[in-house]
Amino acid sequence: SASPEVPFFLRRADPDDVDTICAVFDHLFGDDLLAEQFANFHGLNTGALRSPAAQQRFFVSLIETCFMSVTFEDEDGNIAGFAALDDAPIQMMNTVGAGTDWEDWFQKTFQDPSIDNKNALWFSCLLVEPETNAMAEMLRTTFSTMLELEHLLLFVPANTSEEEVTVLLQPFETHFQQLELASTFSPPAGHWAANSADGKRATVLICSRSDIITPLNIRMAKVEDHDNLAAVFDAQSEVVTEIYGEYFIAELIEAQNEENKALVAEVDGRAVGLLCLTSDVDINVLAQCFELDPYDNLLKPQVMGRVREHAEAIWRGELDASLASVGDFLQVALASIDLDALIEPLPRMDDGQINAAYLHSALAQQEFSSEVGETVPDFGKVVMTLLWQARFTEPMLEMGSTVDAQRIGECVQMFRELDFNMRKEVADRILERWEEVQSIFEATRELLQQQAEQAHEEAQQTSTGEEQLSTQQPLEEGREEDSEEEEVPAIPVQVLFKSLMEEQEGPFSQDLLAKMVMCLHWWANLNLESPVKTVSEDSLE
């Protein structure tokens with residue numbers, strides 16, 4: 001927080017600084033009268049700070065208990081000042097039984113809801129030479145480092161004399177202003193903010209963030225901002241211009257598209273800062289340059305979870321552990337067999353169809369390497385699942401069903417084409433129209449809910465005798481409660497994906513949806529192996 005124009009450096013105060021802080025206090029308030037005025041202003045007994053030991057206890061307490069305490073160091077590293085900020089006025093903290101809820105009194109007195117205990121801090125103590133720039137540096141640093149802080153406040157007790165005001169408030173004159181009283185509210189006698197004996201009321205001085213740090217206007221960058229931004233860049237380093245050319249900022253701004261955006265911070269109509277953003281990021285390069293593990297290496301949580309499981313397996317000595325999904329192993333299995341040679345000898349029906357039982361039996365006899373075989377143990381059942389997923393609008397194949405040889409080949413071909421890029425393309429096309437998916441999902445869920453409620457009502461009516469007609473109203477209320485408890489959170493996959501088809505006025509083709517079912521089941525670990533399996537909106541997304 002050092003500043004070139006201010007010869008002070010701010011840092012967190014430490015209890016070891018207390019001797020030097022006491023020396024600063026002695027320099028500023030060494031006179032007994034001044035020490036008494038200081039103690040009185042801060043809610044202490046008049047003689048509380050007369051002895052060095054009492055002074056040490058007071059300042060150590062501030063350092064250890066205040067929300068933030070800082071020291072001012074000069075260019076030579078000598079402590080030249082001290083400040084303490086807390087979430088309640090020190091006068092309130094030093095009043096027995098007053099608690100820390102200053103907002104009740106504050107709002108009754110000043111009626112300013114924009115100031116509360118979430119965005120304001122109070123000065124508990126300030127030791128600094130009034131004529132120095134230490135206060136300006138302290139305010140700038142505090143507001144710059146505490147982004148949620150909007151206001152700094154100083155409570156001025158009602159019994160503060162004119163002489164005490166002159167001595168104690170001088171450092172606050174330049175940057176603080178007095179809040180205007182908004183009501184005639186007077187706290188009761190004994191209250192920490194009570195009026196003085198002559199009826200004088202306590203006041204509050206305030207310094208707001210906008211008084212110290214000029215508010216920034218953030219907008220999209222324009223090529224016309226080049227001259228202002230070039231001056232900002234050159235003031236910090238000329239290397240950028242030397243490497244990328246004199247007009248690289250204008251070129252950067254002009255090159256904005258869906259993947260690249262540029263924002264500028266503007267003060268009084270002048271661009272003073274530039275932020276360039278891109279979604280086109282090479283994750284591998286970032287991972288090589290930075291420690292990204294705390295951020296899941298910028299991967300989706302479920303993907304990083306698999307990576308960590310793989311790493312743990314390696315550490316356990318499981319050298320055959322693999323990062324591949326079941327879908328990857330299944331693609332290897334299908335690539336290793338000669339499908340035409342496997343299907344050719346199978347008995348055919350009169351119409352050339354193949355009995356599903358024969359197909360299942362032939363597939364089950366296939367042998368694979370140990371790793372593939374362990375991951376895809378029931379190969380016959382797996383292919384039957386694939387055949388349904390490729391035509392998810394139809395029922396599952398049973399042992400008495402028949403299937404066309406061409407359908408088998410087309411299904412296997414579709415699945416084998418689902419490499420990483422194809423799966424990403426499928427996901428991107430679905431997410432591009434995600435709002436439509438959400439709308440259809442909700443409409444389908446509501447329809448199923450209505451059907452469930454209707455079926456429940458019909459069942460109730462069937463089982464209800466004539467003697468129960470008088471209790472119809474309580475039953476209706478009970479049904480409403482039941483329907484709320486039985487809300488349908490997930491939808492059968494066949495019902496949902498039929499609703500998403502173009503034939504049902506949905507946004508996607510059956511071919512794309514079939515690929516999505518395969519991707520979700522074999523790579524995203526969603527169990528979609530049959531028409532009755534359900535999928536929720538969150539898991540689908």
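Scanning segment 357-387 for residues that are open to solvent by 90 Å² or more (accessible area, probe 1.4 Å) and closer than 24 Å to Leu520 by Cα gives Glu374, Pro377, Lys381. The listed residues are Asn217, Asn257, Asn195, Asn228, and the only one of them that is among the polar types (S, T, N, Q) and under 30 Å from Val96 (Cβ atoms) turns out to be Asn195.
Within the set of pairs 6+ apart or on separate chains, which have a first residue in segment 118-141 that is acidic (Asp, Glu), a second that is part of a loop (DSSP other than H, G, I, E, B) and open to solvent by less than 40 Å² (accessible area, probe 1.4 Å), and C-beta atoms under 7 Å apart? Short answer, once both residue conditions are applied: Glu137/Phe8.
Somewhere in segment 345-356, is a residue modelled with pLDDT of 90 or more, open to solvent by less than 40 Å² (accessible area, probe 1.4 Å) and in a helix (DSSP H, G or I)? Scanning segment 345-356 turns up no residue that is modelled with pLDDT of 90 or more, open to solvent by less than 40 Å² (accessible area, probe 1.4 Å) and in a helix (DSSP H, G or I). Among the residues of segment 279-297, the one identified as surrounded by fewer than 11 Cβ atoms within 10 Å (Cβ to Cβ), among the polar types (S, T, N, Q) and under 21 Å from the mean Cα position of the chain (by Cα) is Ser279. Within segment 241-259, residues that are open to solvent by less than 90 Å² (accessible area, probe 1.4 Å) reach partners that are assigned to a helix (DSSP H, G or I) with beta carbons closer than 6 Å, at six or more positions or on different chains, in the pairs Ile249/His226; Ile249/Leu229; Ile249/Ala230; Ala250/Val223; Ala250/His226; Ile253/Val223. Taking the criterion of being farther than 29 Å from Leu147 by Cα, exposed (fewer than 13 other Cβ atoms within 10 Å of the Cβ) and not aliphatic (A, V, I, L, M), would at least one residue in segment 186-193 satisfy it? For segment 186-193, residues farther than 29 Å from Leu147 by Cα, exposed (fewer than 13 other Cβ atoms within 10 Å of the Cβ) and not aliphatic (A, V, I, L, M): present.
Being open to solvent by 90 Å² or more (accessible area, probe 1.4 Å) and in a helix (DSSP H, G or I) is the filter here; which residues of segment 302-335 pass it?
Taking segment 302-335 first, the residues open to solvent by 90 Å² or more (accessible area, probe 1.4 Å) are 302, 309, 312, 315-316, 319-320.
Across segment 302-335, the qualifying residues are Gln302, Glu309, Glu312, Trp315.
With respect to the conditions (1) open to solvent by 40 Å² or more (accessible area, probe 1.4 Å); (2) modelled with pLDDT of 90 or more; (3) not in a helix (DSSP H, G or I), Val264 lacks only one, and its number is (1). For segment 395-411, the set of residues classified as within 16 Å of Arg348 (Cβ to Cβ), in a helix (DSSP H, G or I) and open to solvent by 60 Å² or more (accessible area, probe 1.4 Å) consists of Gln406 only.
Here is a yes/no grid of residues against (1) modelled with pLDDT of 90 or more; (2) hydroxyl-bearing (Ser, Thr, Tyr):
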residue: Met501; (1), (2): yes, no
residue: Ser509; (1), (2): yes, yes
residue: Ala514; (1), (2): yes, no
residue: Val517; (1), (2): yes, no
residue: Ala524; (1), (2): no, no
residue: Glu537; (1), (2): no, no
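Look at (1) surrounded by 12 or more Cβ atoms within 10 Å (Cβ to Cβ); (2) of a type in the set (Val, Ile, Thr); (3) at pLDDT 90 or above; (4) out of contact with any helix residue (DSSP H, G or I) (no Cβ under 6 Å at 6 or more places or on another chain) and you find that Val167 fails only one, number (3). The set of residues in segment 26-54 that are over 16 Å from Val167 (Cβ atoms), outside any loop (DSSP other than H, G, I, E, B) and open to solvent by 40 Å² or more (accessible area, probe 1.4 Å) comprises Pro52, Ala53.
A search for C-beta distances below 7 Å between a residue of segment 489-508 that is acidic (Asp, Glu) and any residue that is outside any strand (DSSP E or B), counting only pairs 6+ apart in sequence or on different chains, returns Glu502/Ser509.
The values are calculated or read from the model by the stated rules, or taken from the named source; none is laboratory data. Because the structure is a prediction, the values reported are computed rather than measured. So basically every Cβ, Gly included, is an ideal-geometry build from the backbone, and we count neighbours across all protein chains shown. Note: areas computed on protein heavy atoms with side chains; ligands, DNA, RNA excluded. Shrake-Rupley method; radii C 1.70, N 1.55, O 1.52, S 1.80 Å.
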